[in-house]
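First the structure, in the form of structure tokens, and then the observations on it.
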Amino acid sequence: MPKQHVAQAGDSVESIAFDNGFFWETVWNYGSNTELHQDREPTILEEGDVIQIPDKRVKTLTEPVDHRYRFRRKGVPSILRVRLLDDNKPRQNIAYTITIRDKVISGTTDGDGWVRCYLMPDVDSGVLRLPETEEVYNFRIGTVRPAVSVKGVQNRLHNLGYYQGPQDGVESPELADALRSFQQNRHIPETGKIDSATIQSLKDFHGS
């Protein structure tokens, strides 16, 4: 029978589905999980979210005996997206390497400053290096919370370089200052508050 998974820090629908042998779409679109679609994304969950895991279905194939067959499991990679900016301007055509466990992935940023590469859903951390400038960034995957939460706003403002305070889900004068700076740069009303226009702009500019 179906089971439940209570999301922990770092969990996503992608990682939960992968651990249970499903494609993420199967879990995301299953039963009462559709109620999460309003405030959540497959890659971003809140601790305590309850995810329903469906039963596995058995697939039967009829093939002639005395033959050798090869069955290949479809890949289920996730996409890592990181945007490199300098004074809010995209860092274009910057060479980078990403080290995940014992694998090194190389590439260059696109015209909008984005780093994009495929990773397996169970990867939770890695290292981004920019050889030309010798910059090194350690990163963790699955730490960004939903954009409608205070912590999610703090996560995104921190990642975009506006906020250096604690990411604790508590509103503060420092967070209000960061919001005003972001709002000014994005040409939306400078309220210093978490409103719908700011949340949408954060999601668009952050990429999630």
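The numbers here are math on the coordinates, done by the rules we state, and not lab data. This is a predicted model, so every value here is computed, not measured. With ideal geometry, Cβ positions are generated from the backbone for all residues, glycine too; neighbour counts draw on all protein chains shown.
For the chain, excluding the exposed loop sites themselves (trypsin sites (Lys or Arg not before Pro), DSSP loop, at most 12 other Cβ atoms within 10 Å), the longest remaining stretch covers 102-208. Say the cut-off is 22 Å between C-alpha atoms; which of LYS3/LYS203; LYS56/LYS103; LYS103/LYS203; LYS3/LYS56 go over it? Pairs exceeding 22 Å: LYS3/LYS203; LYS56/LYS103; LYS103/LYS203. Looking at segment 150-206 from every direction and averaging, what is the projected area of its Cα convex hull in nm²? Projected over every direction and averaged, the Cα hull of segment 150-206 covers 3.1 nm².
Just to be sure I follow the definition: excluding the sites themselves, where is the longest run in the chain that has none of the chymotrypsin sites (Phe, Trp or Tyr not before Pro) in a DSSP loop with at most 15 other Cβ atoms within 10 Å? Within the chain, the longest run free of exposed chymotrypsin sites (Phe, Trp or Tyr not before Pro) spans 72-208.
Computed from backbone phi with θ = phi - 60° and the Karplus coefficients 6.51, -1.76 and 1.60, the 3J(HN,Hα) list for segment 145-159 is 9, x, 5, 7, 9, 4, 5, x, 5, 4, 4, 5, 5, 5, 4 Hz; x is used for glycine and proline. Helix 173-185: angle to the longest alpha-carbon principal axis of the chain, degrees 0 to 90, nearest 10? That works out to roughly 90 degrees. Taking amide H as placed 1.01 Å from N in the peptide plane, GLY107 has its amide H under 5 Å from the amide H of TYR96, each at least 5 places away in sequence or on another chain. Annotation: amide H of ILE44 within the under-5 Å range of VAL13, sequence separation 5 or more or interchain, hydrogens built in the peptide plane. Calculate the FRET efficiency for GLU25 and MET1 from the Cβ-Cβ distance with a Förster distance of 25 Å, rounded to the nearest 0.05. Calculated value: 0.70.
Applying 0.36 nm per residue to the separation of GLN164 and ALA176 and subtracting their alpha-carbon distance, the gain on full extension is 3.1 nm. A Cα-only calculation for the chain places Rg and Dmax at 20.2, 73 Å.
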